[in-house]
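Heads up: the structure comes next, in structure tokens.
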There are 2 protein chains.
Amino acid sequence: MKYVDATARAKILKALASPIRLMLVDELSRGDRCVNDLRPLAQVTQSAISRHLAQLKNAGIVTERRAGLRNIHHLECPCILQALDCTLGVLRSEAQHRSKLTKTE
Amino acid sequence: MKYVDATARAKILKALASPIRLMLVDELSRGDRCVNDLRPLAQVTQSAISRHLAQLKNAGIVTERRAGLRNIHHLECPCILQALDCTLGVLRSEAQHRSKLTKTE
DNA sequence: AAAGTATATGACTATATGTGAATATTGTCA
DNA sequence: TGACAATATTCACATATAGTCATATACTTT
């Protein structure tokens, strides 16, 4: 894998690599939402949510459209759910690994 | 999605979210490697490679075993390749999106 | 035991990221 | 136009991350 490709891919993974942004993506996977809808998901200021969404937009994961005062956010790439699956896989295999260790030692 | 779950998942994605670590994972997906094998992949010091590998280990993505002087690294979770697929998906849909914009405007 | 090889770690610097508070922008409605 | 609501942006600061160099550790070979 070339460095440029890896960099492009890393940028996307980086955009996902935050608890808050994962929760935003998770919520958006169930339908479009405006910032105010998403606000209660995390205990941070509106400013912070806005910046997290900006990162997701910047990575091409999320798009937005205006609807009057609201800015509606839309999950552009449902393929993101693959990445979420992957994390579950790691967590599972880690749990397995740990239980093996405790059995042996 | 709860914050604790999201945090665990974010930790894994964070471990992947670096060009160098992606290249390491990519190489490991083709077989086990020791640090010296991986060193030429990135133009950083041995120290840096070692730290990157430590992060992958810490996230449960990679495991290691001693073989004499060598520390052999092994990709524990091939499911990681799902996450890599996902990034391709985003890149593709972004390219599509961009070409639509240039056509319309 | 001494020398050598492979890898990890500590101390440090530079840069990036996350955050709240305050402020700016954009759009609506009276 | 003026007041208001939703969202974005800027600033100042704290913390995290990536990198290097020097050094420590683990193991092998002579």
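The angle between the Cα long axis of helix A:3-16 and the longest principal axis of the Cα atoms of chain A comes to about 70 degrees, rounded to the nearest 10.
When B:ASP5 is represented by a point 7 angstrom out along its Cα-to-C-beta vector, the spacings to that point in the other copies are 3.3 nm, nearest first.
Count Lys and Arg as plus one, Asp and Glu as minus one, and take only other residues whose Cβ is under 13 Å from that of B:ALA10; the net charge is then +4. Hey, what did chain B get for relative contact order, percent, Cα under 8 Å, at least 6 apart? After rounding, I find 24 percent.
Coupling constants for region A:91-99 follow from the phi torsions by the Karplus curve (6.51 cos²θ - 1.76 cosθ + 1.60, θ = phi - 60°), and in residue order they are 4, 4, 5, 5, 4, 4, 4, 4, 5 Hz; glycine and proline get x. Other residues with beta-carbon under 9 Å from the beta-carbon of A:VAL90 carry, at +1 per Lys or Arg and -1 per Asp or Glu, a net charge of 0. Once amide H atoms are placed 1.01 Å from N in the peptide plane, what residues at a sequence separation of 5 or more from B:CYS34, or on another chain, have their amide H within under 5 Å of its amide H? Residues meeting the criterion, in which the H sits 1.01 Å from N, are B:HIS73.
Over region B:3-77, the fraction of Cα-Cα pairs per 5 Å bin, rounded to whole percents and listed from the shortest bin up, is 3, 16, 29, 26, 14, 7, 4, 1, 0. The share of accessible area on the protein assembly as shown that comes from carbon and sulfur is 51 percent, using a 1.4 angstrom probe. Label-to-label distance for A:SER99 and B:ARG66 is 2.9 nm, based on points extended 7 Å past Cα in the beta-carbon direction. Sorted shortest first, the separations between the A:ALA67 label point and its copies elsewhere in the assembly read 5.7 nm; each point sits 7 Å from Cα along the Cα-to-Cβ line.
For region A:53-99, the calculated P(r) over all alpha carbon pairs, in 5 Å bins from 0 to the bin holding the longest distance, is 5, 19, 16, 16, 12, 10, 9, 7, 4, 2, 1 percent. Among A:LEU88, A:LEU69, A:LEU38, the residue with the largest mean-square fluctuation in a Gaussian network model of chain A, with springs joining Cα atoms closer than 10 Å, is A:LEU69.
Split chain B at each of the trypsin sites (Lys or Arg not before Pro) in a DSSP loop with at most 15 other beta carbon atoms within 10 Å, and the longest piece is B:31-105. Each copy carries B:ASP85; placing its label point 7 Å along the C-beta direction from Cα gives inter-copy distances of 0.5 nm, listed from smallest up. Only DSSP H runs of four or more residues enter the estimate; each adds -39500 (n - 2.57), and after division by the residues of the protein assembly as shown the mean residue ellipticity at 222 nm equals -20000 deg cm²/dmol. Averaged over the residues of A:21-27, the number of partner chain Cβ atoms lying within 10 Å of the residue Cβ comes to 4.
In this structure chain B gives 57 Å² per residue of accessible area when probed at 1.4 Å with all protein chains present. Taking chain A as the region of interest, the number of lysine pairs whose Cα atoms are within less than 30 Å, with members eight or more places apart or on different chains, is 5.
Size descriptors for the protein assembly as shown (Cα atoms only): Rg and Dmax, in that order, 18.8, 67 Å. Summed over both chains, the accessible area lost when B and A associate is about 3400 Å², using a 1.4 Å probe. Computed from Cα atoms, the angle from the helix A:46-58 axis to the main principal axis of chain A rounds to 70 degrees. For region A:42-84, the relative contact order comes to 25 percent (Cα pairs under 8 Å, sequence separation of at least 6).
The values are calculated or read from the model by the stated rules, or taken from the named source; none is laboratory data. No experiment lies behind these values; they were computed from the predicted model shown. In this analysis, Cβ positions are derived from the backbone assuming ideal geometry, glycine residues included, and neighbour counts consider all displayed protein chains. SASA here: full protein model, heavy atoms, side chains in, ligands and nucleic acids out. Shrake-Rupley method; radii C 1.70, N 1.55, O 1.52, S 1.80 Å.
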